[in-house]
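Reviewing the structure listed below.
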Amino acid sequence: MAAAAATSPARAVAWAFAAATCIKLLLVPTYRSTDFDVHRYWLALTHALPARRWYTDASSQWTLDYPPFFAYFSRLLALPAPLVDASLVSLPVPDAPPSFAYLLYLRLTVAFSDLLLLASVLLLATDALTRRRPFLSLALVLWSPALLAVDHVHFQYNGFLMGLLLLSLHFLEQGRDLAGGVVFAALLCSKHLFLVAAPVYFVYLFRHYCCGLGVVRGLGRLVLMGAGVAAVFAAAFAPFLYYGQMQQLFNRLFPFGRGLCHAYWAPNFWVFYILLDKILVFLLRRLGFNIQIPEASFTGGLVGNSSPFAVLPKVTPISTFLLVILAMFPCLMKAFSKPQPRHIIRWVSYATTCGFMFGWHVHEKASLHFTIPLALIAMDSLEDAKHYFVLSIVSCYSLFPLLFENQEYPIKVMLLLTYATLMWVGFSSHFAAKSPQGKKVNGSGNVVRKNSFIGWISFSYLLGIVAIELWSQVFHHYVFGSRLPFLPLMMVSLYCGVGMMYSWMWQLAWISPVAIEPRT
């Protein structure tokens, strides 16, 4: 009986993953973005050309701009490809639309790579205090509608990358710091955008793994950690250092000339900065000032080599870097003063939130970097559940413009509504069961009933998403016709930006030294 009970969570998670896989298979023929063409080319590039040409080849617009480990990963995925369709790995890539076998193979590589995410979730079934995590918190990771939409419709490999991140967090939670640091180094060598979490990793590992053990032992651990991380980076970059291509590789990984914002604005701090600039332009022009509007206007959804502000100061990559570090500073102080494994998921999630909110050229898909880990702690307290409920809905809705074709509209709506219903029922039942006869469920003094889970402010804000969607899909066309085509996208970014700012401030308040931590 005990053995069966011990294996039941693994079985439940496996069934949840199987159900998600069935949905992924149903999504095979759906819309695919240009990211499909990008990864299609990378498979052919890494298979057909030697490594010394991967970062110098410019025969296609889809040049390789991920770190070497992801290039090795692409080559691994390309190995069985000739058995399915030889054109999968031939250069130049055919201009003709891919065959169904071609399409199915690439879709299945994404589903196959999600096995790493499954393995990490299974390992995380037990938390830092050796308590069993609720099944729902694990299922929320595997059933994330944002992850399904981005990876299995839009087309990317975020499930594989998030699997690496969660594996690293599992090791840190269990006190296996060396393994956690090495896996994180492998993640950085797979996708460099996770660099934003590096300061938290460095501070935490230095204090938790290297300090408090005496000078000799601490120095030995520092050398061991450094050697492990250096070995990972050497495995990734040494061949390209040998080829004399490090400058070329660096330029590919960090193309700062792309500008502050992506073509579709991520819902972060810079949305409000841009809006303030536009309002100031309007007001100053009405007052008679001659304000020149830059040609590369943000409202056109363009990507430029500069930050075209008419009134406010120009934003540079170094200024966004400093702002990210400043926003992250309370978390770094907390990790330095009290490096506790049970908080590492929360700290890393906050660091990636800071990168999303204040970083340079942030993609809207980067919200996955903190919404996925936060699902694991969403049921630690009632306040965590309320926060995650709002954040996950806002994050998923902010990705709706990525799937812009009509045939995918019911899919993205049903995925979000199903996930929201699952959270509502699951969270309400879980916390209502913990507060019989109106007793408090946590230190905040809140009481949960099955018919009231979130407050009226959060509920009203979420209803506003319905209003934004009705405007975008119905009323905008009748009011403006073909004019102002970028207005619905701007409204989505601005409105979701409010929710993202709330999430950032909520996490900051929790992490702040003056905050009262929820009881565990």
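Annotations
- Mean separation of Cα contacts under 8 Å, 6 or more apart, over the residue count of the chain: relative contact order %: 16 percent
- Rolling a 1.4 Å probe over the heavy atoms of the protein chains gives region 30-74 an accessible area of 35 Å² per residue.
- Relative contact order computed over region 342-400 (Cα-Cα under 8 Å; 6+ residues apart), in percent: 33 percent
- Against the set (i) 23.8, 85; (ii) 32.5, 94; (iii) 23.6, 81, the structure's computed Rg and Dmax of the Cα atoms in Å falls on (iii).
- Förster radius 45 Å - calculated FRET efficiency between THR130 and ASP95, Cβ distance, rounded to 0.05: 0.20
- Solvent exposure of region 456-500 as accessible area per residue, Å², 1.4 Å probe: 59 Å²
- In this structure, ALA227 and VAL413 have a Cβ-Cβ separation that, at R0 = 45 Å, corresponds to a calculated FRET efficiency of about 0.35.
- Here the accessible area is traced with a 1.4 Å probe on the protein chains. For the chain, carbon and sulfur cover 69 percent of it.
- Across region 126-233, the mean sequence separation of Cα contacts (distance under 8 Å, 6 or more residues apart), normalised by length, yields a relative contact order of 21 percent.
- Dipole moment magnitude, nearest 20 debye, region 328-412 about Cα centre, only Lys, Arg, Asp, Glu C-beta charged: 380 debye
- Cα shape, region 1-120, gyration tensor, a/c 1.5 rule: prolate
- Accessible surface, per residue, of region 167-302 when the full set of protein chains is kept, probe 1.4 Å, Å²: 50 Å²
- Exposure ranking of MET505, MET379 by accessible area [1.4 Å probe, largest first]: MET505, MET379
- Length gained on full extension, ALA467 to LEU213, computed as 0.36 nm times the residue gap minus the Cα-Cα distance: 85.7 nm.
- Net lengthening on full extension, TRP456/ILE293 (0.36 nm per residue, minus Cα-Cα): 54.6 nm
- With a Förster radius of 41 Å applied to the C-beta separation of VAL84 and ILE325, the computed FRET efficiency comes to 0.30.
- Span-rule helices in the chain, defined as complete DSSP H runs reaching 30 Å or more along the axis (Cα) with Kyte mean at least 0.0: 2-26, 215-242, 409-433, 487-511
- Remark: the TRP15-MET246 segment gains 78.7 nm on full extension, using 0.36 nm per residue and subtracting the alpha carbon distance.
- Cα-based shape type of region 156-229, given that a ≥ b ≥ c are square roots of the gyration tensor eigenvalues and the cut on a/c is 1.5: prolate
- Cα lying deepest toward the dipole's positive end in region 83-140, options PHE112, LEU140, PHE100, charges on Cβ: LEU140
The values are calculated or read from the model by the stated rules, or taken from the named source; none is laboratory data. Just so it is clear, the model here is predicted, and its values are computed rather than measured. Every residue, glycine as well, gets a Cβ built from its backbone with ideal geometry; the counts of neighbours run over all protein chains shown. The accessibility values were calculated without ligands, DNA or RNA, using every heavy atom of the protein model including side chains. Shrake-Rupley method; radii C 1.70, N 1.55, O 1.52, S 1.80 Å.
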